[in-house]
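Undergrad: Take a look at the following structure, please.
The values are calculated or read from the model by the stated rules, or taken from the named source; none is laboratory data. The shown structure was predicted, so the numbers you read here are calculated from the model rather than taken from an experiment. Here the Cβ positions follow ideal geometry from the backbone for every residue, glycine too, while neighbour counts run over all protein chains shown. Remember, those area values only see protein heavy atoms, side chains included, never the ligands or the DNA or RNA. Shrake-Rupley method; radii C 1.70, N 1.55, O 1.52, S 1.80 Å.
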Amino acid sequence: MVSQEIKAMPLAERLLLVEDIWDSIAEEQNALPFDAGIKAVLEERLAALKADPSAGSTWEEVKKRLSRR
């Protein structure tokens, strides 16, 4: 499908196409390489959260801080 053909499709059909593409990507997500450095950082952060759950911020707190900027 060419970009112009996609743009000519009705919005509802384009949304369905996006869903189909996203679903096909999700099915193959394990085929992507995962950076060991990123994994190590995520594991460290998860361990820190489990050690002290109160050390982080809630999503509501983060949104408030961002809205003040």
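Undergrad: What pairs come up if the first residue lies in region 1-30 and is of a type in the set (K, R), the second is part of a helix (DSSP H, G or I) and open to solvent by less than 100 Å² (accessible area, probe 1.4 Å), and their beta carbons are under 9 Å apart, counting only those six or more places apart or on different chains?
TA: Once the first residue is of a type in the set (K, R) and sits in region 1-30, its partners that are part of a helix (DSSP H, G or I) and open to solvent by less than 100 Å² (accessible area, probe 1.4 Å) give K7/R14; R14/I6.
Undergrad: When the residues of region 26-38 are filtered to those that are modelled with pLDDT under 90 and not polar (S, T, N, Q), which remaining residue is most open to solvent (accessible area, probe 1.4 Å)? Give the derivation first.
TA: If we filter region 26-38 for residues that are modelled with pLDDT under 90, which is where we start, we get 26-35.
If we keep only those that are not polar (S, T, N, Q) as well, we get 26-28, 31-35.
Working: A26: 47, E27: 152, E28: 118, A31: 82, L32: 119, P33: 124, F34: 130, D35: 85 Å².
That would be E27.
Undergrad: Anything in region 22-69 that is assigned to a helix (DSSP H, G or I) and of a type in the set (D, E)? List them, or say none.
TA: Step one: list which residues in region 22-69 are assigned to a helix (DSSP H, G or I), which gives 22-27, 29-31, 36-51, 53-55, 59-67.
Listed by number, the residues that qualify are D23, E27, E43, E44, E60, E61.
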